[in-house]
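Written below as structure tokens is the structure these notes are about.
Since every read-out is calculated from the coordinates, none of them should be taken as a lab result. These numbers were taken from a predicted model, which means no experiment stands behind them. Counting neighbours? That spans all protein chains shown, and the Cβs are built from the backbone with ideal geometry, glycine included.
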There are 2 protein chains.
Amino acid sequence: MGTAVTQSKKVNQVITPSELLMHWQGHRSLTRKVIEAFPEKEFFNHSIGGMRTFAEMAMELLGIAGPGIREIVTGKTAQLEEQFDHGKRKAKILELWDETTKEINTLWPQITVERFHESIKTFGQFDGTVQSSIFYFIDNEIHHRGQGYVYLRSLGVEPPMFWDRQGV
Amino acid sequence: MGTAVTQSKKVNQVITPSELLMHWQGHRSLTRKVIEAFPEKEFFNHSIGGMRTFAEMAMELLGIAGPGIREIVTGKTAQLEEQFDHGKRKAKILELWDETTKEINTLWPQITVERFHESIKTFGQFDGTVQSSIFYFIDNEIHHRGQGYVYLRSLGVEPPMFWDRQGV
């Protein structure tokens, strides 16, 4: 309790940049587990109600996360690219996922706390601030991952626990 | 642009308490639209893969949001209650939803910025800080709402747009 009180006096804000990074990477770690939980074939083929496959959703997330942070750091407009050459191999998507994890960790410290309220237009089309954009990236991931949970359940596969954000 | 620069100089943090409130209420507004989009009967009966109905998920969200914030503000341990007397009427759930919206707006300003890093145990069982708990409430809502989108699509109903966070 002593530590907590000390910390609460020091951190005079809702969430720090490094906490937000951990928060996001925790979610990304869970999404990675959801990708892993899919049977190889169904990852690329299964869908419900005319929606996209989870592979397509995962590629959307890959197309947003790395390029989105790179754009925030460099100021250079990113193109929204949602197709990756995966050869119907889940391992390829996971490889791209892990590269993105490293890229985010490398670029993140370059976003100073003062920049989070700067106005930006991500991917040349979405108006917001640095913080609203990053929260959009995270929330969009949680949203699609929740859909992946239904796909897994409909396949009879037990998804990872929602609170399990540990690991790569 | 002048305004944005001025603001970025003034707001030296990732997200302010009032922005986080707006962020959450924006998500709650979207979840309300998802509840409204369900046909009355299917809201209480439809499910996929042995999962809960969207009515049950909505009641979990009702059981967390108001009591969770009340607990953070008052320090009194809340009980996790996920059943509400709805008489199989969606209107009753929406009524409870709107009461919760008002309650959150009323209680929120009592959480000072210094408190967001205070250690707490929500519902007598979940260890975290004020901020990690509030983000958990929000993320859990996005997660289940994403599942609601699949239910709607499987019923042939077009869900609201994910970015549509305006309204009550």
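A few comments on the model shown:
- Test: residue in the stretch A:87-96 that is in contact (Cβ under 8 Å) with a residue 24 or more places away in the chain, farther than 20 Å from B:F135 by Cβ and among the small types (G, A, S): no
- Members of the stretch B:26-61 that are among the charged types (D, E, K, R) and either in contact with a Cys (Cβ under 7 Å, 6 or more places away or on another chain) or under 13 Å from B:Q147 (Cα atoms) (or both): B:R52, B:E56
- Residue pairs meeting the criteria (Cβ under 6 Å; at least 6 apart or on separate chains; first in a loop (DSSP other than H, G, I, E, B), in the stretch B:155-168; second polar (S, T, N, Q)): B:R165/B:S29; B:G167/B:S29
- Once the stretch A:122-141 is narrowed to residues that are aromatic (F, W, Y) and in a helix (DSSP H, G or I), the residue that is surrounded by the fewest Cβ atoms within 10 Å (Cβ to Cβ) is A:Y136.
- None of B:E36, B:E114, B:E95, B:E82 is charged (D, E, K, R), exposed (fewer than 15 other Cβ atoms within 10 Å of the Cβ) and under 24 Å from A:R153 (Cα atoms) except B:E82.
- Selected residue [among the β-branched types (V, I, T), buried (at least 20 other Cβ atoms within 10 Å of the Cβ) and touching a residue at least 12 places away in the same chain (Cβ under 8 Å)] from A:T77, A:T31: A:T31
- Close pairs (7 angstrom Cβ cut-off, 6 or more residues apart or separate chains): touching a residue at least 60 places away in the same chain (Cβ under 8 Å) in the stretch A:119-135, of a type in the set (S, T, N, Q) anywhere: A:S133/A:T122
- There is no residue in the stretch B:111-121 that is outside any helix (DSSP H, G or I) and under 29 Å from A:Y151 (Cβ atoms).
- Residues of the stretch B:97-131 classified as at the interface with chain A (Cβ under 8 Å from one of its Cβ atoms) and of a type in the set (G, A, S), total: 1
- Scanning the stretch B:142-168 for residues that are surrounded by 18 or more Cβ atoms within 10 Å (Cβ to Cβ), charged (D, E, K, R) and more than 9 Å from chain A (Cβ to nearest Cβ) yields a single hit, B:R165.
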